[in-house]
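The values are calculated or read from the model by the stated rules, or taken from the named source; none is laboratory data. Just so it is clear, the structure is predicted and the values come from calculations on it, not from any experiment. All Cβ positions, glycine included, derive from the backbone under ideal geometry; neighbour counts span all protein chains shown.
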Amino acid sequence: MSKPTMARNPYAEDLGPRDPLIALRETPDAIRAQVEGAELSAADRTYAPGKWTLRQILIHLAQVELVFQNRLRMALTKDDYVIQPFEQDDFMTIDPAATASQALGVYHGLRQFSLPAIDRAAAEHSDRRFRHPDFGELSIRWLLEWAAGHELRHWAQIVRITNDE
């Protein structure tokens, strides 16, 4: 009997041929360097009309990092784990007063803390399965690729904002 096919990763094109572990290690540093090198006024700019500002993207990255780390830890420790979906726009209403600097600190710091767990999960548990109500059966490898591609998508937006000074 064949294994069920996993859902297509919505950020696969953003990740491309990159190694997700390298991307997960390097992208937060690249984002931090890009943001810290930008003018303070960049925090309120967007890359296109109607899109999030730099500050909002950083808040979103911090919030998603919290979710990603929780999902990874639950998938590693709980049999028959089912992810609880979230709506990103609803989450954005939770932290409206967070500054770009605060959000960047949370995102970057949590990732640095979690890199050993990420590396271990990839090496020892990459095929471990869990479920998502919308995507179906997934693996730790899929989750790592999802997280890496997701932040690379936002990295491109951050570059557009901060280079448009």
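A few comments on the model shown:
- Residue within region 111-119 that is surrounded by 19 or more Cβ atoms within 10 Å (Cβ to Cβ) and within 12 Å of the chain's Cα centre (by Cα) present: yes
- Filtering 98, 43 for residues that are part of a helix (DSSP H, G or I) and more than 20 Å from residue 149 (Cβ to Cβ) leaves a single hit, 43.
- Residues satisfying the criterion are present in region 49-57 (criterion: within 23 Å of residue 144 (Cβ to Cβ), at pLDDT 95 or above and in a helix (DSSP H, G or I)).
- Here 95, 89 are screened, and the one residue that is modelled with pLDDT under 95, out of contact with any strand residue (DSSP E or B) (no Cβ under 8 Å at 6 or more places or on another chain), surrounded by 15 or more Cβ atoms within 10 Å (Cβ to Cβ) and more than 17 Å from residue 125 (Cα to Cα) is 95.
- Qualifying residue in region 130-147 (condition: among the basic types (Lys, Arg), closer than 18 Å to residue 78 by Cα and not in a helix (DSSP H, G or I)): yes
- Single unsatisfied condition, residue 79 versus (1) in a loop (DSSP other than H, G, I, E, B); (2) crowded, with 16+ Cβ neighbours inside 10 Å: (2)
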